[in-house]
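Only one structure is covered here, and it is reproduced in the block below.
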Ligand code: SF4
């Protein structure tokens with residue numbers, strides 16, 4: 001579900017609920033609570049100039065790959081302008097551009113950026129929302145790098161997709177790079193033999209499945225190798241599609257989404273080995289890989305990894321009757337201890353459908369949780385994690401960058417354009433099209449998860 005910005009609450013309500021404002025109050029001692037880093041109160045441009053890193057927030061402990069895009073220096077007037085001036089400049093630039101530009105805001109983006117978005121949603125919803133604006137010359141994607149790549153895959157060649165801060169990557173997506181996955185594929189061929197050969201049921205040894213939260217290069221990889229893309233909403237349907245065509249699945253980059261989804265489908269944990277790209281055979285024996293039904297890449301989201309079973313227990317003590325809903329990127333014990341797990345869209349719809357007076361503890365990114373709390377005052381809604389810790393890379397997009405890219409467009413200059421090369425885009429679109437065509441099997445004919453034909457061999 002993509003939310004039109006008109007559906008959101010007033011500016012005043014939104015500003016009061018802002019994570020950015022909460023962090024500033026905590027940092028100055030004017031507010032209670034705790035944030036995961038005092039550096040969150042700084043301007044993101046202070047980190048653009050330093051060593052390559054994700055910046056303060058949930059992902060800061062992860063390792064950013066060499067070669068990741070670097071943001072050039074943001075001009076001083078955008079770094080020093082008061083917040084109100086930046087908002088005024090953004091509004092003026094948007095009014096000047098009119099239909100020539102569309103601004104997309106991811107659910108996890110800070111409210112000070114969301115208030116200028118024409119559409120708000122998750123990555124795939126936003127890429128599709130952009131399709132409704134074919135006349136827009138520029139798609140300004142206030143999200144992270146892989147999302148801008150997906151928008152470029154789905155938009156027309158004439159449209160420029162712009163990421164306001166090039167340092168807005170995704171630590172999870174960066175955990176699976178193309179060369180590591182190619183290396184994994186070669187090692188799997190040594191174990192399974194010809195990866196294109198089919199068994200008596202027409203299934204190849206392994207089907208690669210990549211989460212939407214991955215680079216376009218990996219979407220292209222799965223497209224070239226008979227694989228498919230999934231989202232957190234359709235992961236079960238996509239795994240069913242893959243099991244009809246393969247004896248097993250190689251799932252990357254998020255081990256937790258893969259494990260939680262496959263477990264719910266009845267795949268035993270002992271048939272879900274982890275693939276550590278730094279170890280031979282991913283740290284497995286050939287026998288373990290033979291028996292595998294889902295091979296899980298050693299990747300995770302640093303935001304969703306923060307949620308714990310202890311937090312759920314505390315929420316149940318503090319709020320008897322609370323409904324705990326977590327995102328499937330959370331670790332399996334957290335998903336098991338929650339009342340429900342589902343995509344961002346699932347969480348939003350559950351809150352919308354609840355009777356007034358409901359209490360929700362939510363295990364997903366804090367910007368969305370605080371926005372939902374402000375948008376649905378008839379409920380009590382809070383984040384499972386008491387520490388305020390936004391996604392580092394989403395937080396790299398600040399109104400200063402949005403004002404800069406929009407004013408550059410007004411001046412006739414396209415900056416920070418994200419372009420996927422044709423040789424990558426073609427197979428990546430194939431993988432996305434397979435996902436769109438994948439349908440849940442009819443109940444009567446729904447297959448069980450198959451065993452690999454050489455299981456136990
Ligand atoms: S919330 Fe997690 S998966 Fe999403 S952009 Fe941030 S690090 Fe990546």
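A few points about this structure:
- Three principal axis extents describe the C-alpha atoms of the range 99-141; from largest down they are 27, 19, 10 Å.
- Distance distribution note for the range 281-327: the fraction of Cα pairs above 18 angstrom is 55%.
- In a fully extended conformation the segment linking residue 84 and residue 436 would gain 122.6 nm over its present Cα-Cα distance, using 0.36 nm per residue.
- Taking label points 7 Å from Cα along the Cα-to-Cβ direction, residue 200 and residue 185 give a separation of 3.0 nm.
- With R₀ set to 35 Å, the beta-carbon distance separating residue 41 from residue 319 gives a calculated FRET efficiency near 0.75.
- Pairs of Cα atoms nearer than 8 Å and 6+ residues apart set the relative contact order; for the chain it is 23 percent.
- Diffusion coefficient of the chain by Stokes-Einstein, Kirkwood radius over Cα pairs, 10 °C, 1.306 mPa s: 70 µm²/s.
- Sum of -39500 (n - 2.57) over DSSP H runs of 4+, divided by residues of the chain (222 nm, nearest 500): -11500 deg cm²/dmol
- Cα gyration tensor shape for the range 228-314, rounded if a/c is under 1.5, else prolate or oblate: oblate
- Summarising the overall dimensions of the range 312-435 from its C-alpha atoms, the Rg and Dmax are 19.5, 57 angstrom.
- Projected label points at residue 236 and residue 270, each 7 Å from Cα along the beta carbon direction, are separated by 2.6 nanometres.
Just so you know, all these numbers are worked out from the coordinates, no wet-lab data involved. Predicted model, so just to flag it, every value in this text is computed and none were measured. Note: ideal-geometry Cβ built from the backbone for every residue, glycine included; neighbour counts use all protein chains shown.
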